[in-house]
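The values are calculated or read from the model by the stated rules, or taken from the named source; none is laboratory data. Predicted model, so just to flag it, every value in this text is computed and none were measured. Every residue, glycine as well, gets a Cβ built from its backbone with ideal geometry; the counts of neighbours run over all protein chains shown. Heavy atoms of the whole protein, side chains included, go into the accessibility calculation; ligands, DNA and RNA do not. Shrake-Rupley method; radii C 1.70, N 1.55, O 1.52, S 1.80 Å.
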Amino acid sequence: MDFSFAQLLQYGFMQKAFVAGSFTALTCSALGLFLVLRNMSLIGDGLSHVSFGAIALGLFMGVSPSYVALPVVIVGSYLILKIAQKTGVYSDTAIGIVSSVAIASGVILASLSHGFNVDLLSYLFGSILAVSWSEVWLSAILSVVVLLLLFLSYWDLFSVTFDEEYAKVSGIKTETINTLLTVLTAVVVVLAVKVVGVMLVSALLILPAVSALQIASGFSKAFWYAGIFAVVSVLVGVTVSFFADLPAGATVVMINASIFAGMIGIRRFVSPCFR
Amino acid sequence: MGIIETSNLSVSFGNSSVLEGVTFEVASGDFVGIAGPNGAGKSTLVKALLGLIPASTESIRILGQPIESFSAYRNIGYLPQKQSGYNLLLPATVEEAVLLGLLSDKHWPRRVNAQDRHAAHEALEELGIADLSMKSVSKLSGGQYQRVMLARALVRKPQLLILDEPTTGLDPEARESLFRQLRHINAHKGITILLITHDIEYISRYANKLLYIDRKILYYGATENFPHAAIHGALPEADVCETCRH
């Protein structure tokens, strides 16, 4: 194929994919760092399943799935927190309960509608090359809001991540911070579903973060590394998928996995230079 | 006014009583060692004093404020029990960890500035570990880690320093050195210290008071008067209760 990268950028669908994908990836990487370090990685997976039910609900009602998914996934994240707090079950159990109910609801809605199964499948595996400009704007605005909140709450989040008990004694409202983290995850999951699909959202949250943690020598540096890895994986993944005629979401995830493997190698063999 | 005043403090988890009727007072400038057998409620007592767990009590006053409305977090330095499962993935540097000690001075959105970094450097320098500033916390030895956590507790220049088993896992040399450092902080900076430890021998040498508990107070008074038979619960409670108040 005789295409240059510059020519590729002339395609509107590629421009939209790069912009929406980069914003989403950057946000996922920043949030993912806190989720990974607080052993909350699975919440991304659970909420992506909730988004499946929410998307089915949107399609069933004939409303844009993204607009339905956002409030429903936020409610789902709140339910996970509350079930864990009120019943005393571990949070992974609460995630399992909420996500399975959401998937079951989605499957029932799909079977009742007899018409949108194909649309639903596109959300399962992502369709970044088919995003509209309104979706690009939505992802840009939500990403900026999430990143701003993370920036403003950076030291609170860092403190809770380092030592929750000490954070409490420092006067930090740890429950508020935990709720903020969960709600922001819900927002980011809805954004990421469009890029990589329901099945692969957690990869976008986890992989850039764990790659950065292999080589970062400070918490703030880990953010920069994770952000760079995430954006590079989207740009390279979408480009490779175009030339190799591969599914974009899955290719982005594989690029992320390759970066992770590379960072493990660097940590093992070149580690002293970085840490 | 005592730095800490508790009256009839009790803590239960479900039907199991962990602390019963604990009443004592810590005066400004005291160095109090808290000792007792495993499961005696030492950490529970400290957590109740800090408002981390609910307690039924007539009153707890810290630095003159009732615990229910306590807000002077900046005046308390706290060194929690060493995290047994410290997250080795967390890439925090020593400087970043010490800066966490200054967050209680700030309101959301909390930011750190050059002055804070200078304060962190000073705290590390005072403990003789300024060279570790940019080192990853996960790469520290047990003794270095505890010193960094002590720097984090001291960086806010507290009136009261609470330490929960800071010498766990340290070799005798590091243990001795940490106790010496605490004695110096207490004597020269006038910081009141409340320290949980199993090392009664060290408490006898470095602290001026001992609070010995086993769900309730068995002894509270000068370290030199502590009857060592009490370690095995042979001390009648009535003999020592008069020492609970100044």
Residue B:116 vs. criteria within 14 Å of chain A (Cβ to nearest Cβ) and either open to solvent by 60 Å² or more (accessible area, probe 1.4 Å) or among the aromatic types (Phe, Trp, Tyr) (or both): no
If residue A:89 satisfies every condition in (1) open to solvent by less than 70 Å² (accessible area, probe 1.4 Å); (2) free of Cβ contacts under 8 Å to residues at least 12 places away in the same chain; (3) part of a helix (DSSP H, G or I) but one, which is the exception? (3)
Counting only residues that are open to solvent by 20 Å² or more (accessible area, probe 1.4 Å) and facing another protein chain (nearest Cβ under 9 Å), which one in the range B:87-104 is nearest to residue B:20 (Cα to Cα)? B:104
Out of A:222, A:216, A:167, report the one residue that is within 14 Å of chain B (Cβ to nearest Cβ), under 20 Å from residue B:108 (Cα atoms) and open to solvent by less than 10 Å² (accessible area, probe 1.4 Å). A:167
Residues in the range A:104-146 that are open to solvent by 40 Å² or more (accessible area, probe 1.4 Å), farther than 30 Å from residue A:241 by Cα and modelled with pLDDT of 85 or more: how many? 5
Restricting to the range B:41-74, count the residues that are farther than 22 Å from residue B:197 by Cβ, within 11 Å of chain A (Cβ to nearest Cβ) and not basic (Lys, Arg). 5
Answer yes or no as to whether residue A:175 is under 22 Å from residue A:74 (Cα atoms) and either at pLDDT 95 or above or more than 14 Å from every other protein chain (Cβ to nearest Cβ) (or both). no
Please state which of the following conditions residue A:186 fails to meet, knowing it meets all the rest: (1) among the small types (Gly, Ala, Ser); (2) outside any helix (DSSP H, G or I); (3) within 30 Å of residue A:247 (Cβ to Cβ). (2)
Just one listed residue, out of A:198, A:183, is in contact (Cβ under 8 Å) with a residue 24 or more places away in the chain, surrounded by 22 or more Cβ atoms within 10 Å (Cβ to Cβ) and out of contact with any strand residue (DSSP E or B) (no Cβ under 9 Å at 6 or more places or on another chain), and it is A:198
Count of residues meeting criterion [within 14 Å of chain A (Cβ to nearest Cβ) and either of a type in the set (A, V, I, L, M, F, W, C) or more than 17 Å from residue B:185 (Cβ to Cβ) (or both)] in the range B:127-161: 19
Looking only at the range A:38-66, and only at residues there that are open to solvent by 10 Å² or more (accessible area, probe 1.4 Å) and under 20 Å from residue A:229 (Cβ atoms), the one that is farthest from the chain's Cα centre (by Cα): A:38
Filter the range A:225-275 down to the residues that are surrounded by 15 or more Cβ atoms within 10 Å (Cβ to Cβ), among the charged types (D, E, K, R) and farther than 22 Å from residue B:134 by Cβ and list them by number. none
Determine, yes or no, whether residue B:109 is open to solvent by 20 Å² or more (accessible area, probe 1.4 Å), away from chain A (no Cβ under 12 Å) and part of a loop (DSSP other than H, G, I, E, B). no
Scan the range B:126-137 and give yes if some residue there is of a type in the set (Lys, Arg), crowded, with 16+ Cβ neighbours inside 10 Å and more than 17 Å from the chain's Cα centre (by Cα), otherwise no. yes
When restricted to A:101, A:89, the only residue modelled with pLDDT of 95 or more and over 16 Å from the mean Cα position of the chain (by Cα) is A:101
